[in-house]
Amino acid sequence: MKQSITLGKVTKFMGLGFLSTLKDLFTGKLEKEDLKSFLRKVVVPLASILLFLGLWHLGAKSLYNTEAEFKIEKALNDQGPEAAEAMRECIASGDISCQPNTLPSPAKVWDSYQSLLKDHQIISADKAAFAEKTAALNEKRVAEGKEPIVYTGRPSFVDQIFRSLKTVFAGFLLALLIAVPLGIFIGLSPTLKSAFNWFIQIFKPVSPVVWYLLVFMIVKTLLIDSSEDSSFTISFISVGLCSMWATLVNTAMGVSAVDKDYINVAKVLKLGTFQKIFKVILPSSLPLIFTGLKITMSVGWMVLIAIELLAQSPGLGTFVWEEFQNGANDSNAKIIVAMFVIGIIGFLLDRLMLFVQNSVSFEKTDAI
Amino acid sequence: MSTIIKDKKTTGLEENGLFPSNEVMLDLKQLKKVYPTPKGDYVVLEDLNLQIKKEEFVTIIGHSGCGKTTMLSMIAGLNPISGGNISVLGRHIKGPGPDRGVIFQAPSLMPWMTSLQNVLLGVNQVFPDATKVQRNDIAKYYLQKVGLEDAFHKKASDLSQGMQQRVGIARAFAIKPKVLLLDEPFGMLDSLTRGELQDTLIDIWNKEKITAVMITHDVDEAIFLADRVVMMTSGPRAKIGDVLEIDFERPRTRKAVLEHDDYYKYRKHLIDFLEH
């Protein structure tokens, strides 16, 4: 059945149902009885966001003061009262060289966000200029059979987001290609199930860091002759291996627990093994397979940051780690920006998977 | 219409072998079903003998848990036989097969398929040599017969219970089985829908005349549809308790059946059996 896409449906799918209530409020469609649901759906979330920002602001302020007093105290003890007074003035003036290094306030994080965007615009412009400048030369080099010159400048924050997304999708694809077929075989055959069960039970709880090290050992040797950077390969394989277990277990469970009625129908109609698998067993286990894939996607995104950080593969993980090592005045604020970006992208990926899940399966699952 | 009730108070064993063998479609001999339990064997069915003629519609009635469904699923080949045998046209059955179509209590459609695809699932299996167009035509013909000409491409999960069971009927008839087995197919429907579906079933059956065995709890349904009503004793060790011939002419209409003089005699007979 084709359904028209309306604002209401889209926002409901996004889990942002209160937006359509908000629209009703402004278009005057809201009934008095809806007031209660308006309060619950719009006012309460907005209030909780404001409360969160307020607590954050107060907490950051108190941490800032603690750190500042400690700095002044230290100056007083080490260098005497004049140095302490100088430090107090320096902090009050907002000079970058002596700012306390602690949890940034919401306002600072917002500023960093703006500056990261500006940085991205600068780098993009730089890249475009570089491409323009080298276009003619590259054409000539390609015609001569030489490698074209590529931009090797620093990636912007936005570039790193896309790099991370690329890694997580590659890892997700790997998990899908391994876990779904394997899960189907395990679900179909009790023999295979007992053969693989110990394997799954033991490797499922292994930490992402250990997976990374294992993949590193293997890939490093395999690519020993290759001059190419293996960090991307290592990180996406690690992400795939870490996150595939949910899909593997769910697929096996879905396949082995097909409704007995459907199996009876297949038996009565004497469907062949192939037809039974593709027309009955697989479609009926799709909802569980997709539940598994949804978990795989969110686990993959979660472990990605840690793995990128270890693998030194460009992306959000490396960004966070570099900012932490950097220790510049706005580093902490940038880390918090990255935190929100990671959270929001994770949420959107989850919604994407839910959407795919709902469109392929016959049972409708509500957003949780 | 004949007004004589052929009321044979006979045991199942004497009933067995009444018909010439070339008229028999389905033959149950000394059928036995035992479920092993920790406390020893539980005998569900024992010494069950029943012959069903070609083109006969038989309904089976009995108390809940007496083993009717067990018997039906044994005929379908979905439940192994503990003793005795079941044969279709003189050949012992081995497992399930499309010569015995089943209409289950739950519609058991694949919810991700359209009604047409559900019917085609069986048709493709039974007529592998037919062209795609021919197979589509067969499936569509039967869907039309059950009144679903507007719902070929609707997903099974979007259909009502009654409509789903209509697809179930179409699916069973479309594979042209020798025997049709119906396990309380209308038990989950409201009485209005049940009546409509009984009419649909009997209309299509009148054309196809496929030997049918149907389990039901509903005395009126049993009389309206059947040539013979088979009454089963209560378990354990259930067997055929009594058989009642229904001598109404076919095709029947509900109105004619209800107004017939014999209707209440038949009804009383069945209720008397069930109350003892």
Say we look at the range A:245-261 and pick out the residues that are open to solvent by 30 Å² or more (accessible area, probe 1.4 Å) and within 14 Å of another protein chain (Cβ to nearest Cβ); which of these is nearest to residue B:121 (Cα to Cα)? A:261
Being away from chain A (no Cβ under 14 Å), within 29 Å of residue B:220 (Cα to Cα), touching a strand residue (DSSP E or B) at 6+ places or on another chain (Cβ under 9 Å) and not aromatic (Phe, Trp, Tyr): is that true of residue B:34 here? no
Could you list, in sequence order, the residues of the range A:118-170 that are in a helix (DSSP H, G or I) and of a type in the set (S, T, N, Q)? A:121, A:124, A:134, A:138, A:160, A:164, A:167
Hey, among the residues in the range B:133-174 that are without any contact (Cβ under 8 Å) to a residue 40 or more places away in the chain, over 23 Å from residue A:284 (Cα atoms) and not in a helix (DSSP H, G or I), which one's farthest from the chain's Cα centre (by Cα)? B:150
Residue tally, condition open to solvent by 60 Å² or more (accessible area, probe 1.4 Å), in contact with a helix residue (DSSP H, G or I) (Cβ under 7 Å, 6 or more places away or on another chain) and in a helix (DSSP H, G or I), over the range A:310-330: 3
Among (1) in contact with a strand residue (DSSP E or B) (Cβ under 7 Å, 6 or more places away or on another chain); (2) within 30 Å of residue B:245 (Cα to Cα); (3) more than 14 Å from chain A (Cβ to nearest Cβ), which single condition is residue B:41 missing? (2)
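Table: residues versus (1) in contact (Cβ under 8 Å) with a residue 12 or more places away in the chain; (2) open to solvent by 80 Å² or more (accessible area, probe 1.4 Å).
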position	(1), (2)
A:84	yes, no
A:93	no, yes
A:96	yes, yes
A:99	yes, no
A:120	yes, no
A:123	yes, no
A:141	no, no
Could you grab me the full set of residues in the range A:275-296 that are more than 12 Å from chain B (Cβ to nearest Cβ) and open to solvent by 20 Å² or more (accessible area, probe 1.4 Å)? A:277, A:288, A:290, A:291, A:294, A:295
Any residue at all in the range B:93-107 that's polar (S, T, N, Q) and either modelled with pLDDT under 90 or surrounded by 19 or more Cβ atoms within 10 Å (Cβ to Cβ) (or both)? yes
Hits in the range B:128-180 (condition: within 19 Å of residue B:194 (Cα to Cα) and open to solvent by 50 Å² or more (accessible area, probe 1.4 Å)): B:144, B:145, B:160, B:161, B:163
Within the range B:79-91, can one find any residue that is at pLDDT below 85 and touching a His at 6+ places or on another chain (Cβ under 8 Å)? no
Matching entry among B:86, B:75, B:60 (being within 12 Å of another protein chain (Cβ to nearest Cβ), within 24 Å of residue B:28 (Cβ to Cβ) and of a type in the set (Val, Ile, Thr)): B:75
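The values are calculated or read from the model by the stated rules, or taken from the named source; none is laboratory data. The shown structure was predicted, so the numbers you read here are calculated from the model rather than taken from an experiment. Neighbour counts run over all protein chains shown; Cβ positions are idealised from the backbone, glycine included. When the accessible area is computed, the model is the full protein with side chains, heavy atoms only, and any ligands, DNA or RNA have been set aside. Shrake-Rupley method; radii C 1.70, N 1.55, O 1.52, S 1.80 Å.
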